[in-house]
Structures are given as structure tokens and as C-alpha cells.
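Here is the structure we will look at.
The values are calculated or read from the model by the stated rules, or taken from the named source; none is laboratory data. Note that the coordinates shown come from a computational prediction; the quantities given were computed from them, not determined experimentally. Methodologically, a virtual Cβ is constructed for each residue, glycine included, from the backbone with ideal geometry; neighbour enumeration extends over all protein chains shown.
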Amino acid sequence: MWASVALAAGTGRPEPWQIAMQNPVTPIAEQLHSFHTILMWLITAITLFVAGLIAYCAFAFNEKANPTPSKTAHNTAIEIAWTILPVLILVIIAIPSFRLLRAQLIIPPADMTIKATGNAWYWGYEYPGDKDGKGGFKFDANLVEEKDLKPGQIRLLATDNDVVVPVNKVVRVQVTAADVLHAFAMPSFGIKVDAVPGRLNETWFKAEREGTYHGQCSELCGQRHAYMPITIRVVSDAEYAAWVAEAQTKYAAIEPPAAARKLADSRIQN
């Protein structure tokens, strides 16, 4: 029972009074959590060791317990130890750190590609067409205002159009920006990458559990920085195929209205 409660809490969304990170649903996120746990145990051990040394010095070498202070200025063995041990600790940390960094940066053969473009202040997504005829459309995803929320939608995290991907598929995400710096972040996926105007960054994920997952822009990008959420739905292959068929009709060759473009330009200028 407790295991199921822990699994449900903080998966794809923040929870009230949540302390730890959101539950991982991708291999990269699982590695991040494991690395975080290792660092927490290591930091705890170092903190307790240093606190113990301070307490020992405070009681063993205070004026009452040690009225005649030692005049020792150097201790070669201690100086060597406190130089070598931190270096060894850093080397131990570096090994899993570089392994994780390599896994993040080297993208495996992708099953599909999505391009995410940060705008002031919403995200635009493009599904390039593939050899099977899936894709070839793009759409924008705006925040659902509080007055328009439907049952089940989360305040400040729900979008009017969701990104949809199939479960257990490698998804390459190309990230850029149309105006200012943004950042594409999805905590349960363990991904976070800057969206830079004129530059194309890449990341990837492989969601191993169906569900709806929420993220946000993580770069201080302007007045409505807090109002450009990211929503990704992970579905079965059959559901994804049905959604693509619908999306190709709904979004294909749709250009934003002139009024919307004018509003976006005025926001950037202001």
C-alpha cells in the first residue's frame, strides 16, 4: 500500500508538501535519482564527520579541558590526508557524473523527432513528417487560464494543446527559441535544455509509463515566464496513431492569425 502511494505521489506533477524530486519515468531520470541518492549519502557522511570533529575540538581543546595549549604548527600526516581524501571523493563523484552526462548527450537512434520552439510566452511544437507519413504538422500550446480549467486540469500547468508521444519510444527533442532565452524542462523525464534564439539544442527521452506529465519554462524569460507550461501525454501505440491521424487534419498547414502574430511582435518589443 505504501509503495503504491509513494509511486503515485509526485509523478508528472508537483504535489502539496512534496520534498523529493518527482518520480522518474525515463532511464535518464532514474540515473539522475540514483546519482542524487549517492550524493545525499556522501554529503550526509561528510557533514556528520566534520560536525564530529568540530564537537571533539570544542570539548577536548577548550580552555578548561586544555589549560596549556599545544604549540604544534604542522602535522604532515594530517595535511596529506586532508588533501588526498577530498581529491579521492571528487574522483568517486566524477565517475558516475561523467557516465550520466554521456548518457544525456549521446542520443540513441530515435523513433521520432519533435521540435519545440519557445515563444514569448508559449511553446510551439512541430512534428516533422516521417517515411510512414506520420507528422508534417505543427501547433502552439498555450496556458489554460484558471477560469477555463476543465476537471482534471492543473492550474498553471495545463495547456490547450498537449504534446503526444508513444510509450517506450526514443523521442529526440530539438529545442530553440524565436525571441528570447527559454528552457525546456520536464522533471519526471529528467530533461532540461536551454532554448536559444538562432541555435538548435537537442535532448531525448524514453517514457516507460503512460500518463500525463507536466513541466515549465525554466529560464527567466520575461513578464509571463511563469505562464508557459509544457504538457506531454504518453500513450499506447494505437492511441498515438489515432491522435496523429486527427492532428494531421487539425493542425496541418495552419498558420497563426495575423492578429496573433501582431500581438506576439508587440510583446517582444515591449
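Descriptive notes on the structure:
- Only listed residue being within 24 Å of A183 (Cα to Cα), among the small types (G, A, S) and modelled with pLDDT of 90 or more, chosen from A94, A110, A81: A110
- Subset of segment 150-163 (residues that are under 14 Å from Y227 (Cα atoms) and either among the aromatic types (F, W, Y) or surrounded by fewer than 18 Cβ atoms within 10 Å (Cβ to Cβ) (or both)): I154, R155, L156, D160
- Each residue in segment 167-214 was checked for being among the polar types (S, T, N, Q) and under 15 Å from R13 (Cα atoms), and 2 of them qualify.
- Residues in segment 218-241 that are hydrophobic (A, V, I, L, M, F, W, C) and assigned to a strand (DSSP E or B): 4 in all.
- Test: residue in segment 224-239 that is among the hydrophobic types (A, V, I, L, M, F, W, C), modelled with pLDDT of 95 or more and over 30 Å from A20 (Cβ atoms): yes
- Single residue of V180, V170 found to be of a type in the set (A, V, I, L, M, F, W, C), touching a strand residue (DSSP E or B) at 6+ places or on another chain (Cβ under 8 Å), touching a residue at least 24 places away in the same chain (Cβ under 8 Å) and closer than 22 Å to T26 by Cβ: V170
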